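Novice: First, the structure itself, so that you have it in front of you.
The values are calculated or read from the model by the stated rules, or taken from the named source; none is laboratory data. The structure displayed is predicted, hence computed values, not measured ones. Backbone-built Cβ (ideal geometry, glycine too); neighbour counts: all protein chains shown.
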Amino acid sequence: MGRSAHVDTFAHDHLPRLAQQPEFLFEQPELQFPPLLNCASELLDRWVASGQGERICIRAPGGLVWTYAELQKRANRIAHVLVEDMGLVPGNRVLLRAPNSPMLAACWFAVMKAGGIAVATMPLLRAKELAHIIAKAQVTHALCDARLADELQAAMREQPVLRQLRFHNDDSASGLEAAMARHSDDFVNVPTAAADACIFAFTSGTTGTPKATMHFHRDVMAACICWPRHVLHPRADDVFIGSPPLAFTFGLGSLLLFPMSVGASLVLLERTTPVALLEAIHAFGATVLATAPTSYRAMAEPARSLRLAAEKGGSLRKCVSAGEALPAATRALWKDATGIELIDGIGATEMLHIFISADEAHARPGATGTVVPGYHACVMDDDGHPAAVGSVGKLAVKGPTGCRYLDDARQASYVKDGWNYTGDAYLMDADGYFHYQARTDDMIISAGYNIGAPEVEDALMQHPAVAECAVIGVPDAERGQIVKAFVVPGAGHAPSEALARELQEFVKRTVAPYKYPRAVEFLSALPRTETGKLQRFRLRAPR
Ligand code: 3UK
């Protein structure tokens, strides 16, 4: 490993002990990284240096178009502001707060160039959550969209460790844009080590307090190599679009890093409701779409008349689903509406990106896919031994990326014997396809039967009256737990006793009858995180 370029050694000083780290595997030639590596040089500067700086990099609504050279100049100017005006030294943590936007991308690369550590945050976070992040990561600097100033300023008052803050989207003399104008658009990147931390990604926190995961420059590059090269197969003429925030590593990879790793272009959208996203796909001629399963479900009907797919005269050629289990019903619905077979992939903040997936030619309904080259995956029994083919156990993975929690006792439950345990119950079939069952703590055990909530949800979603649904186990004196379904009725369907009974009978006819929801409750919406993930714990809480 190269000598660290970090002057502020906070990240290094807070790595999990070596014995508690996962095993890292670099089995392929393209994963042999040099000792010095700065991911901004690889993903951004490389294109300009090779004479391709005029390629289009970022587009956004309102007609904004930045070439690779233009993005580089902005990132360079911001890097100067960070170092010369704000006193950043390599290894400092820089909080980023903005909706998906070109300036957020420029700020992210500026932090990489200056050798800092980017701590991107979800736009909807409040002062309390921001204060937790600032304290945990000991954030010293922040670059923030002026429209999101209030909550950050409130958090800063509580956490004086954050000393330096600049706003962009700000016309004032003290704003970031004015400061950028005073600096050169050339910048010599800090020669970071491949094993220097460059991002702290906070988990989306569907349970417990959010954890910070640490990733290195080499991890970023490994993520750009493994899944994109072996499963997504992006092209230089692709136009990427999607909804996940860049603060979520699904969004960071799929909407910024992966397109730039092949010199493609990307569209950054602030508004990504199903209708807005569909309009943008059309308006920008997007070819690769990344979003969550619920979003595909909501877009399917309106997409039908739009003929989005390249084969039907549109532009779209690849659709990626991640973040939550993809119900077979949603895969079928999207295929029927658009003609496009979804590319499902399971990733995790701890692993940086996707490690099990299947491309459109190898997709199998009900399975996430096979292990992504570069990674190893195994379903383990309760003793930490590989489970028999076809039996349910805990998913364990290892590869070039892995879990490093910042100062967190939960490291010992995610990493055991060198394997990363994602917290998911899976089975592997004889063909090496991995089938998602549930989160390990979401398996429902009712009268001795193991029932995975997603299987019941999938059955319910095949009923035309169901827009969205979620299934949990609730305590029951007689059966231990019973299956309970929360259902959001679709347009034109009103909640009623009769509808509840009809749904129960429908599930009994679709899957083994013992799995049917003995309780049904209607809701107008399901509780979700900003990353689109269902918050089952909020359904479990007595209301
Ligand atoms: C669940 C899935 C079944 C699973 C993520 C792609 O979701 C991401 O990261 P998070 O840390 O959550 C991880 C957990 O989410 N999950 C994600 N994708 C799938 N379950 N099928 C899927 N396709 O429980 C996993 O352990 O928020 C996804 C890329 C980067 C990411 N960070």
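Novice: Filter the stretch 57-85 down to the residues that are surrounded by fewer than 16 Cβ atoms within 10 Å (Cβ to Cβ) and of a type in the set (Val, Ile, Thr) and list them by number.
Specialist: Once the filter is applied, which keeps residues that are surrounded by fewer than 16 Cβ atoms within 10 Å (Cβ to Cβ) and of a type in the set (Val, Ile, Thr), the stretch 57-85 yields only Val65.
Novice: If the requirement is being of a type in the set (A, V, I, L, M), at pLDDT 95 or above and either touching a strand residue (DSSP E or B) at 6+ places or on another chain (Cβ under 8 Å) or in a loop (DSSP other than H, G, I, E, B) (or both), which of these qualifies: Leu43, Leu96?
Specialist: Numbers: Leu43 fails: either touching a strand residue (DSSP E or B) at 6+ places or on another chain (Cβ under 8 Å) or in a loop (DSSP other than H, G, I, E, B) (or both).
Matching residue, one of Leu43, Leu96: Leu96.
Novice: Between a residue in the stretch 342-361 that is touching a residue at least 60 places away in the same chain (Cβ under 8 Å) and under 23 Å from Ala300 (Cβ atoms) and any residue that is near the ligand (Cβ under 9 Å from one of its atoms) and among the acidic types (Asp, Glu), which pairs come within a Cβ distance under 9 Å, given they are 6 or more apart or on different chains?
Specialist: So the pair list comes out as Ile346/Asp424; Ser357/Asp344; Ala358/Asp344.
Novice: Within the stretch 330-343, identify whether any single residue is within 15 Å of the ligand (Cβ to nearest atom), closer than 25 Å to Arg404 by Cα and surrounded by 21 or more Cβ atoms within 10 Å (Cβ to Cβ), and answer yes or no. Outline the logic, then answer.
Specialist: So in the stretch 330-343, the residues within 15 Å of the ligand (Cβ to nearest atom) come out as 330-331, 334, 341-343.
From what is left, the residues that are closer than 25 Å to Arg404 by Cα are none.
No, the stretch 330-343 contains no residue that is within 15 Å of the ligand (Cβ to nearest atom), closer than 25 Å to Arg404 by Cα and surrounded by 21 or more Cβ atoms within 10 Å (Cβ to Cβ).
Novice: Another question, if that's okay. Which one of the conditions (1) in a strand (DSSP E or B); (2) without any contact (Cβ under 8 Å) to a residue 60 or more places away in the chain does Arg501 fail to meet, given that it meets all the rest?
Specialist: Arg501 satisfies all of (1) in a strand (DSSP E or B); (2) without any contact (Cβ under 8 Å) to a residue 60 or more places away in the chain except (1).
Novice: Against the condition touching a residue at least 40 places away in the same chain (Cβ under 8 Å) and over 15 Å from His215 (Cα atoms), how does Glu30 come out, does it pass? Full working, then the answer.
Specialist: Numbers: touching a residue at least 40 places away in the same chain (Cβ under 8 Å): yes; over 15 Å from His215 (Cα atoms): yes.
Judged against the criteria, Glu30 is a match.
Novice: Among the residues of the stretch 23-38, write down those that are in a loop (DSSP other than H, G, I, E, B) and over 11 Å from Gly374 (Cβ atoms). So that I can check it myself, show each step before the final result.
Specialist: To start, the set of residues in the stretch 23-38 that are in a loop (DSSP other than H, G, I, E, B) comprises 23, 25-28, 32-35, 37-38.
Listed by number, the residues that qualify are Glu23, Gln32, Phe33, Pro34, Pro35, Leu37, Asn38.
Novice: If I filter the stretch 345-352 for residues that are within 16 Å of the ligand (Cβ to nearest atom), assigned to a helix (DSSP H, G or I) and acidic (Asp, Glu), do I get at least one hit?
Specialist: Narrowing the stretch 345-352 to residues within 16 Å of the ligand (Cβ to nearest atom): 345-352.
Among the residues that remain, those that are also assigned to a helix (DSSP H, G or I) are: 349-351.
Cutting the leftovers down to acidic (Asp, Glu) gives us 350.
Yes.
Novice: So, in the stretch 412-425, of the ones that are out of contact with any Pro (no Cβ under 8 Å at 6 or more places or on another chain) and more than 9 Å from the ligand (Cβ to nearest atom), which residue ends up farthest from Ala377 (Cα to Cα)? Let's see the steps before the verdict.
Specialist: Initial filter on the stretch 412-425 (out of contact with any Pro (no Cβ under 8 Å at 6 or more places or on another chain)): 412-414, 416-417, 421-425.
Subsequent filtering for residues that are more than 9 Å from the ligand (Cβ to nearest atom) retains 412-414, 416-417, 421, 425.
Details: Ala412: 19, Ser413: 17, Tyr414: 14, Lys416: 14, Asp417: 14, Tyr421: 10, Ala425: 13 Å.
Checked the stretch 412-425; the qualifying residue farthest from Ala377 (Cα to Cα) is Ala412.
Results for (1) surrounded by fewer than 20 Cβ atoms within 10 Å (Cβ to Cβ); (2) of a type outside the set (Asp, Glu); (3) touching a residue at least 60 places away in the same chain (Cβ under 8 Å), shown as yes or no for each residue.
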{"residue": "Ala264", "(1), (2), (3)": "no, yes, no"}
{"residue": "Ala276", "(1), (2), (3)": "yes, yes, no"}
{"residue": "Pro302", "(1), (2), (3)": "yes, yes, no"}
{"residue": "Ser315", "(1), (2), (3)": "yes, yes, yes"}
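Novice: Next up: Given the condition modelled with pLDDT of 95 or more, more than 16 Å from the ligand (Cβ to nearest atom) and hydroxyl-bearing (Ser, Thr, Tyr), answer yes or no: does some residue in the stretch 291-312 qualify?
Specialist: no
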